[in-house]
Amino acid sequence: MGEILTGRVALVTGASSGIGESTALELAAAGVTVAVVARRAERLEALVAKIQAAGGTALALPGDVTDEAFATQIVAQTAKRFGRLDILVNCAGMIQSGGIEKADTEEWRRVMNLNLYATLYTCKAAIGIMRAQGSGDIINISSTAGRRAGPGASAYCASKFALTAMTSSMRQEVARDGIRVCIVEPGATTTGISEGVTDEKFRKFISEHVSKEGSMRPEDVAAAIRFVVSLPPRANVSELLIQPTMDTAPI
């Protein structure tokens, strides 16, 4: 698969940790030039150094993708710097607790801004570039929470359900332009997503959930993303549900 991807250019958001970081490493190892985006500049620089030390090419673009102007600019900057944009992977995301009756509406906005609107901004900016090339892959990272809602994290579930709908609509919009679109829905994956949870009890629950026995690792999801973008152009994996092998839940 390495020869298939050599020479392509990717932009990965949420790349300072977790699935985003592993995806950047996985794609770079396959010969892809990678631009990486996140708010934590020091972690991005360390990631770029790691990729370069292994013989790859990478560019750090620190900033906040919930800022529409910044999200639009990094897409254009990547394409201008490397002459094209072949792969966009939207990994930036967050989770918070809470229901509906006592909802913190400002917190809902923060969740929706990162999990949905930030992805909208980068996708919107990338489509024209990919259409002009006649090809491209857009991968949006969702969750099994985008299929099965629960009372404990209503904003997170709503954002992921919305992301699934947006991604499906986008695929139908751009398919005839040679642009493939895929939503990836991982189950329990050991990442630091619980670190930003404000509710202490829920933070502990999420931390234990993603680190329980049999949970996937970020590199497992990254390997699946590499598979998706390595397929022949006529094949589009439009939806990819990935669950831990030991998970016996129906979805």
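The values are calculated or read from the model by the stated rules, or taken from the named source; none is laboratory data. Just so it is clear, the structure is predicted and the values come from calculations on it, not from any experiment. Virtual Cβ from ideal backbone geometry, glycine too; neighbours counted across all protein chains shown. These area figures cover heavy atoms from the full protein model, side chains too; ligands, DNA and RNA do not enter into them. Shrake-Rupley method; radii C 1.70, N 1.55, O 1.52, S 1.80 Å.
Yes or no, residue by residue, for (1) aliphatic (A, V, I, L, M); (2) within 20 Å of residue 24 (Cβ to Cβ):
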residue	(1), (2)
178	no, no
182	no, yes
195	no, yes
217	no, yes
227	no, yes
236	no, no
241	yes, no
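Taken as a whole, the condition of being surrounded by fewer than 24 Cβ atoms within 10 Å (Cβ to Cβ) and under 20 Å from residue 228 (Cβ atoms) does not apply to residue 55.
Yes/no matrix, rows are residues, columns are (1) closer than 20 Å to residue 203 by Cβ; (2) open to solvent by 10 Å² or more (accessible area, probe 1.4 Å); (3) touching a Ser or Thr at 6+ places or on another chain (Cβ under 7 Å):
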| position | (1), (2), (3) |
| --- | --- |
| 40 | yes, yes, yes |
| 45 | no, yes, no |
| 64 | no, yes, no |
| 69 | no, yes, no |
| 91 | no, yes, yes |
| 99 | yes, yes, yes |
| 102 | yes, yes, no |
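Residue count for region 9-18, restricted to those that are open to solvent by 20 Å² or more (accessible area, probe 1.4 Å) and in a helix (DSSP H, G or I): 0.
Do you know which residues across region 19-30 are open to solvent by less than 30 Å² (accessible area, probe 1.4 Å) and either more than 10 Å from the chain's Cα centre (by Cα) or without any contact (Cβ under 8 Å) to a residue 40 or more places away in the chain (or both)? Step through it out loud before you land on a result.
Of the residues in region 19-30, the ones open to solvent by less than 30 Å² (accessible area, probe 1.4 Å) are 19-20, 22-24, 27-28, 30.
Result: 22, 24, 27, 28, 30.
Residue 216 - would you say it is free of Cβ contacts under 8 Å to residues at least 40 places away in the same chain, touching a strand residue (DSSP E or B) at 6+ places or on another chain (Cβ under 8 Å) and open to solvent by 10 Å² or more (accessible area, probe 1.4 Å)? For residue 216, the condition - free of Cβ contacts under 8 Å to residues at least 40 places away in the same chain, touching a strand residue (DSSP E or B) at 6+ places or on another chain (Cβ under 8 Å) and open to solvent by 10 Å² or more (accessible area, probe 1.4 Å) - is met. Taking region 200-231 as the range and being part of a loop (DSSP other than H, G, I, E, B) and modelled with pLDDT under 95 as the test, the residues that pass are 211, 212, 213, 214, 215.
Looking for something farther than 18 Å from residue 26 by Cβ and acidic (Asp, Glu) - is there at least one such residue anywhere in region 95-103? Before you say what the answer is, go through the steps one by one.
Applying the first criterion (farther than 18 Å from residue 26 by Cβ) to region 95-103 yields 95-103.
Those still in the list that are acidic (Asp, Glu) too: 101.
Among the residues of region 95-103, at least one is farther than 18 Å from residue 26 by Cβ and acidic (Asp, Glu), which makes the answer yes.
Cβ separations smaller than 6 Å between residues 6+ apart or across chains give the following pairs from region 227-251 residues that are exposed (fewer than 14 other Cβ atoms within 10 Å of the Cβ) to residues that are of a type outside the set (Phe, Trp, Tyr): 246/214; 251/147; 251/148. If you go through region 117-150 and keep only what is in a helix (DSSP H, G or I), open to solvent by less than 20 Å² (accessible area, probe 1.4 Å) and either of a type in the set (Asp, Glu) or within 30 Å of residue 200 (Cβ to Cβ) (or both), you end up with 118, 119, 145, 146. Filtering region 71-88 to residues that are outside any helix (DSSP H, G or I) and small (Gly, Ala, Ser) leaves only 83. Of the residues 102, 80, the single one that is among the basic types (Lys, Arg) and modelled with pLDDT of 95 or more is 80. For residue 188, the test of being of a type in the set (A, V, I, L, M), surrounded by fewer than 16 Cβ atoms within 10 Å (Cβ to Cβ) and either closer than 29 Å to residue 136 by Cβ or modelled with pLDDT under 95 (or both) is failed. For region 193-213: of the residues being touching a residue at least 12 places away in the same chain (Cβ under 8 Å) and acidic (Asp, Glu), which is nearest to residue 150 (Cα to Cα)? The selected residue is 199.
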